[in-house]
């Protein structure tokens, strides 16, 4: 049976409608860069906020939830959201999609398991461990959002915790492993096992808080050394992350540095700006480098005629990656080959998935019926082709 497995970041987002300028919360706000306080429209780790404020993690969590006018939860994470996108695109097809990570002995953990089971994600390697489950408190007021992330037991997973069965898949996704530093430190060995088992591997990047904390301004860690890059089949992230990976302050220089380190296929987004791509045979049909134009969001959304388009950009990058992964996986499934892929078709799927994610809140689209998201994505792809005259 065709299959995909993933590991990395899987957490629960708690959307808290609250104002960080409120006195008790403003006391938790950052006063200078890197001090561990809440960063307006940025992200801070809960453990750092605890050290900054002198409050326990539970005291901070309770305070924020108590001050919020409303709290809703969504499934999130660079590791899991792309896989759920693939599941929804496969609709009624029975392909196995599994996820490997730890979750804690708390209600958040119970909710994570329920979400994964609801979306038909195999949880054989999703294991309970003593401690807190990973979560993010999203402090939201209007269009402004600030994030407090608690990694919990997800930070404790190591390479030896990944079952041998994990590698026996057609596609393997390593999503934001930098947030699980012990696992990330062994990423080279994970990627080598992927290659040895004939799987196509994707590495999805995230802002590496640990590298920034331990070695500010220097290239972020990727496995044991920069040799890890040559083991990556497809690298996906955004331009800021590309510069973080290399330690460069210029995106073009970052790309050249990554090429020097052995990256053969990479894709980097930049919000509504054109998507940079660089790909090579044999994985892709041709050697190509360029920028894929992103269509104007408003014009596409208008033509979709959706009842509700009150969304945000949360999970846009995750869904873009999910679109790329689905396109590659679909070609593999249909042809039986793991090379010669069409980068333009992959980018169309990525762009369409990112556009749709801006019409709803959170990273995961809530379908009313199986195949609903697939139908919408196919319509968006047709609209993009019409506007860009893409062959």
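See the values below:
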item	result
Qualifying residue in segment 2-19 (condition: out of contact with any helix residue (DSSP H, G or I) (no Cβ under 7 Å at 6 or more places or on another chain), under 23 Å from residue 211 (Cβ atoms) and surrounded by fewer than 18 Cβ atoms within 10 Å (Cβ to Cβ))	no
Among the candidates 354, 311, 317, 350, residue that is under 15 Å from the mean Cα position of the chain (by Cα) and either assigned to a loop (DSSP other than H, G, I, E, B) or at pLDDT 95 or above (or both)	350
Enumeration of residues in segment 208-237 that are under 18 Å from the mean Cα position of the chain (by Cα) and crowded, with 22+ Cβ neighbours inside 10 Å	208, 220, 222, 232, 234, 235, 236, 237
Any chance residue 182 is buried (at least 19 other Cβ atoms within 10 Å of the Cβ), at pLDDT 95 or above, part of a helix (DSSP H, G or I) and not assigned by TED's automatic domain parsing to the domain that holds residue 22	no
Residue 235 being within 15 Å of residue 259 (Cα to Cα) and assigned by TED's automatic domain parsing to the domain that holds residue 182	yes
Set 367, 288: member being closer than 30 Å to residue 251 by Cβ, surrounded by fewer than 16 Cβ atoms within 10 Å (Cβ to Cβ), at pLDDT 85 or above and in contact with a helix residue (DSSP H, G or I) (Cβ under 7 Å, 6 or more places away or on another chain)	288
Some residue of segment 181-189 being touching a strand residue (DSSP E or B) at 6+ places or on another chain (Cβ under 9 Å) and more than 18 Å from residue 11 (Cα to Cα)	yes
Test: residue 196 is farther than 24 Å from residue 128 by Cα, out of contact with any strand residue (DSSP E or B) (no Cβ under 8 Å at 6 or more places or on another chain) and surrounded by 17 or more Cβ atoms within 10 Å (Cβ to Cβ)	no
In segment 274-293, the residues that are more than 18 Å from residue 325 (Cα to Cα), within 23 Å of the chain's Cα centre (by Cα) and not in a strand (DSSP E or B)	293
1 or more residues at pLDDT below 90 and either over 30 Å from residue 200 (Cα atoms) or over 21 Å from the mean Cα position of the chain (by Cα) (or both): qualifying helices (runs of 4 or more DSSP H) within segment 1-107	23-26
Residues (surrounded by fewer than 24 Cβ atoms within 10 Å (Cβ to Cβ) and without any contact (Cβ under 8 Å) to a residue 60 or more places away in the chain) located in segment 342-364	342, 344, 345, 348, 359, 360
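The values are calculated or read from the model by the stated rules, or taken from the named source; none is laboratory data. Only a predicted model underlies this, so the values are computations on that prediction, with no experimental measurement involved. We place every Cβ from the backbone using ideal geometry, glycine too, and count neighbours over all the protein chains shown.
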